[in-house]
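The values are calculated or read from the model by the stated rules, or taken from the named source; none is laboratory data. Here the structure is a predicted model, which means the values were calculated and not measured. When we count neighbours, we look across all protein chains shown, and the Cβ atoms used for this are built from the backbone with ideal geometry, even at glycine. Side chains are part of the model used for accessible areas, which takes the heavy atoms of the whole protein and leaves out ligands, DNA and RNA. Shrake-Rupley method; radii C 1.70, N 1.55, O 1.52, S 1.80 Å.
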Amino acid sequence: MGEDFITYQNAIKFIRENAIKLMTDNIPINDSGGFILAEDFRADRDFPPFDRVTMDGIAINYSAFKNGQKEFPISKTLAAGTPQGELVDRLKCIEIMTGAILPSNTDTIIPYEDIDIKNGIASLREIAISFNQNIHFKGSDVKQNEILVKAGTTISSAEINIAASIGKATIKVKKMPKGVIISTGDELVDVHEIPAQHQIRRSNVYGIKNTLKEWGVNADLEHLSDNINIIKEKLKTLIENYDFIILTGGVSKGKFDFLPKVLTELGVKKHFHKIQQRPGKPFWFGTSQNDKKIFALPGNPVSSFVCLYAYVKLWLQSSLEIKEDFFQVILDQDVSFAPNLIYFLEAKINIKESGTLSAIPVKGNGSGDFANLLNADGFLILPQDQSKFKKGEVYPFIGYRKFKHTI
C-alpha cells in the first residue's frame with residue numbers, strides 16, 4: 001500500500017511518540033474542576049487527626065461496664081470542636097457529640113438510643129456493648145504524608161474535597177495546550193451566512209471546538225481560502241503562536257488540496273499522510289521545526305470526527321500523561337466489511353440490565369453523512385485483515401456521547 005499509507009497501529013505509535021511536555025500552572029481551588037492534577041496530594045496529618053466520636057451519646061471506660069456497672073453519672077458534656085476532655089472518675093461518663101475528640105480515660109461510645117437519661121444519670125438498656133465501639137481512630141483512614149491522589153488525575157468534586165481537607169488553596173495543574181482549528185476551502189461560508197447553491201456552511205470546526213472544550217481545551221477558529229500563498233503566510237504565523245493546529249480538509253489529492261505541499265515548504269516534518277482505515281484515510285500528521293503539532297483532518301464530517309476522537313484525543317491524553325479511555329463492548333449483530341482496512345463503524349450503545357455494553361451498528365450514507373452521527377454514540381474499532389464480525393464478539397469502542405440505559 002505504500003510507505004506513506006500506514007497501519008492504524010503505526011499511526012497510534014506516531015501519535016504517542018509525539019506527545020508534548022506541557023507546562024504547569026497554579027490555580028485557585030474553586031477554578032480547578034476538570035483540570036489534570038500535576039502534583040500528588042499528600043495528607044498533611046493523620047486522617048482522622050484524632051480519635052473521633054461517631055455517635056451522639058455517652059463516653060465510658062469499658063472496664064466499668066465489664067465489671068457490671070449499668071448506671072453512669074454524667075460528669076460533663078462535650079460538643080464537637082471543643083478541646084479534648086478527660087473522664088476523671090472511671091465510674092462516671094461524659095455526654096459527647098458526634099465529631100468530638102474521644103475524652104481521655106474513655107474508650108467506648110454508647111449512643112443515645114441505647115440509654116435512658118434521668119436526673120443526670122445515664123442508664124444502659126439491655127443491649128450488647130463492644131469495646132471501642134463508635135470510635136473512628138486516629139490515622140485509621142490515612143497516615144500523614146501518605147499519597148491521597150496521584151498526579152495525572154482529572155480533578156472532580158471528590159479531589160476538590162481532598163484538596164480542601166489538606167489545605168490546598170491553590171492546586172498545581174497541567175496547563176492545557178493552546179490550539180487553533182482551521183477550516184479550508186472556498187466552498188465554505190460561516191454559520192451566520194446564507195450559502196449560495198455551490199456553497200455549504202462551516203460545521204466541522206464548531207463541532208471540533210466544542211469537543212476540545214469538553215476535553216478542557218479552549219481553541220480559536222480560523223478559515224483559509226483556496227489560495228496557496230495566503231495559506232502559506234497564514235500557517236506560518238499560526239505555527240508560531242499555537243501549540244497545536246487542527247486543519248479540516250485540503251489533505252486529499254484534489255488540485256486545490258494544497259496543505260501537504262505548504263506544510264512541507266514550511267519545514268513541517270510529516271509523520272504520515274494516510275492511514276489504512278475507513279473512514280478517515282487522508283489524515284496528515286506532522287511536527288513543525290519549533291515542535292508544534294499539526295493535525296490535518298479529512299474534510300468529510302464523519303472522517304473528521306473519527307480522526308479527532310481516535311488520534312487527536314489520544315495525543316492530548318498522552319501529552320497530559322493520563323490514561324486512555326478505550327473500552328470494550330459486545331457487537332449486537334453480524335457485520336461484514338470486505339476491504340483490508342481498520343473499520344470505524346458508527347454504533348449506538350445499549351446498557352443491558354446485566355450492566356454489559358452492547359453496540360448496535362448504525363448504517364449511514366458514507367463519510368459525508370454527518371446527520372447520521374446524531375443516531376450513534378461512537379465508533380466500534382473493527383480490526384484489519386478480517387471481513388466477518390460476529391454477534392457476541394467483543395471490540396474496542398470510542399464514545400463521543402453519554403450512553404442511555406435500556407432494558
Antiparallel %, DSSP beta bridges [both residues in the chain], to 5
65 percent
Ignoring ligands and nucleic acids, what accessible area does H136 show with a 1.4 Å probe (Å², nearest 10)?
50 Å²
Within segment 242-348, GluC sites (Glu not before Pro) in DSSP loop having at most 16 other beta-carbon neighbours inside 10 Å
E321, E324
Quick one, can you get me the convex hull of the C-alpha atoms of segment 98-168 expressed as volume per residue in Å³?
164 Å³
The long-range amide H neighbours of K76, using H built 1.01 Å from N in the peptide plane and a cut-off of under 5 Å, are E95
How high is the relative contact order of the chain, given as a whole-number percent (alpha carbon pairs under 8 Å, six or more residues apart)?
15 percent
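How large a share of the accessible area of the chain, in percent, is made up of carbon and sulfur atoms when the probe is 1.4 Å and the other protein chains stay in place? Before the final figure, lay out the partial values.
Working: 10300 of 20670 Å².
Ligands and nucleic acids excluded, carbon and sulfur give 50 percent.
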Residue-normalised accessible area of the chain, expressed per residue, 1.4 Å probe, Å²
51 Å²
From the cross-link list K363/K388; K236/K281; K150/K402; K232/K281, which pairs have alpha carbons spaced over 20 Å apart?
K236/K281; K150/K402; K232/K281
Under 5 Å between amide H atoms, partner at least 5 residues away or on a different chain: which partners does F35 have, H built in plane at 1.01 Å?
I155
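Mind listing which GluC sites (Glu not before Pro) in segment 1-66 are in a DSSP loop and have 10 or fewer other Cβ atoms within 10 Å?
On the way: sites: E3, E17, E39; in loops: E3, E39.
Sparse-neighbourhood loop GluC sites (Glu not before Pro): E3.
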Search the structure for amide H atoms under 5 Å from the amide H of D51, placed 1.01 Å from N in the peptide plane, and list their residues when 5 or more places away or on another chain.
L102, K138
Taking the reciprocal of mean 1/r across every pair of different Cα atoms in the chain, the Kirkwood radius in Å is 26.0 Å
Residue-wise, which Karplus ³J(HN,Hα) couplings in Hz belong to segment 23-33, taking 6.51 cos²θ - 1.76 cosθ + 1.60, θ = phi - 60°, and x for glycine or proline?
6, 10, 8, 9, 10, x, 4, 5, 9, 8, x
